[in-house]
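Remarks on the structure that follows.
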Amino acid sequence: MTERPRRNRLTPFGDIEATLYRGTLMGNRGDLHAPDGTVCRTWMLRRWISCTLHAPTGRRVTFDTPGCYTPLFFADEVTALAAGHRPCASCRRPAYEAFRAGWQDAFGEKPSAVEIDDVLHQARIDAAGHKVTFIASLRDLPDGVFVAGERSPDTAFLVRAGGLHPWSHAGYGKPVHLPGKHQMKVLTPAPIVNILKVRPFSV
């Protein structure tokens, strides 16, 4: 009998969903479990990170266990960034240092992990726990950013190579093209958008 998929996959909107599709990165927001082992909250710690699927120590993650961090999963790097997660400083050290270098290029200083997490937390969710977004013209957005539009508010589109690629857990759809002056709701947190402008991550 096939096991029902766990609710542990992140979307660019930051929502936690259940899907049969597997991710390429794992994430952590702390212990999100209720006493019965189900996911009952969207975050616990300000340290939202993205990790490799295979720890260098060989330790296996623990699912559905209160008191342990809740493993979350992402389709790819840019989905993790849109959801507000930075690279882990331990298992993804080169990606973390590249992220910090991009922060320095964008903002003029190279912060600590705690400083990064404090700034990102204000940029990804508000006091009510809702995702923070902002409006920008497509011409002002770099590749790797996720946006949503008025006509398709529940669809996330990846900005890449002049097109908008619709996202799903299964992958990306055929791109659509809109004028550069077109205004879109930006899902990727503003500090990360600024980093992508100066130091693109592979998409």
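If each DSSP helix of 4+ residues adds -39,500 (n - 2.57) and the sum is divided by the residues in the chain, what number results at 222 nm, nearest 500 deg cm²/dmol?
On the way: 4 runs with 42 residues, N = 203.
After summing the helix terms and dividing by the residues of the chain, the value is -6000 deg cm²/dmol.
Taking 0.36 nm per intervening residue step and subtracting the Cα-Cα distance, what contour gain separates F63 from V114 on full extension?
Computed gain between F63 and V114 is 15.7 nm.
Trypsin sites (Lys or Arg not before Pro), restricted to the range 105-152: which are DSSP loop and have at most 15 other Cβ atoms within 10 Å?
On the way: sites: R124, K131, R139, R151; in loops: R151.
For trypsin sites (Lys or Arg not before Pro) across the range 105-152 that sit outside H, G, I, E and B with at most 15 neighbouring Cβ atoms in 10 Å, the list reads R151.
May I ask you to list the GluC sites (Glu not before Pro) in the range 1-77 that are in a DSSP loop and have at most 10 other Cβ atoms within 10 Å of their Cβ? Before the final figure, lay out each step's value.
Values: sites: E3, E17, E77; in loops: E3.
Those that pass, being in a loop and sparsely packed, are E3.
When DSSP assigns beta bridges and you keep just the ones with both residues in the range 1-111, what percent turn out antiparallel, to the nearest 5?
75
Spelling out what I want: for every residue of the range 155-169, take phi, set θ = phi - 60°, compute 6.51 cos²θ - 1.76 cosθ + 1.60 (Karplus), and round to whole Hz; glycine and proline get x.
Ordered by residue, 3J(HN,Hα) equals 10, 8, 10, 8, 7, 7, 6, x, x, 10, 9, x, 9, 8, 4 Hz.
Of the residues Y172, Y96, Y69, which exhibits the maximal mean-square fluctuation in a Gaussian network model of the chain defined by a 10 Å Cα contact cut-off?
In the Gaussian network model the winner is Y172.
Computed from these coordinates, which is Rg and Dmax of the Cα atoms in Å: (1) 19.3, 65; (2) 16.7, 55; (3) 17.1, 50?
Only one listed value fits the structure, namely (2).
How many angstrom lie between the Cα centre of the range 96-133 and the Cα centre of the range 1-40?
23
Take the chain, connect every pair of alpha-carbon atoms lying under 10 Å apart with a spring to form a Gaussian network, then pick out the residue of L141, L120, L45 with the largest mean-square fluctuation.
L45
Any read-out appearing in this document is the output of simple, stated calculations on the displayed coordinates, not a laboratory observation. Please read these numbers as outputs of a predicted model, since none were measured by experiment. Every residue, glycine among them, receives a Cβ derived from its backbone with ideal geometry; neighbour counts consider all protein chains shown.
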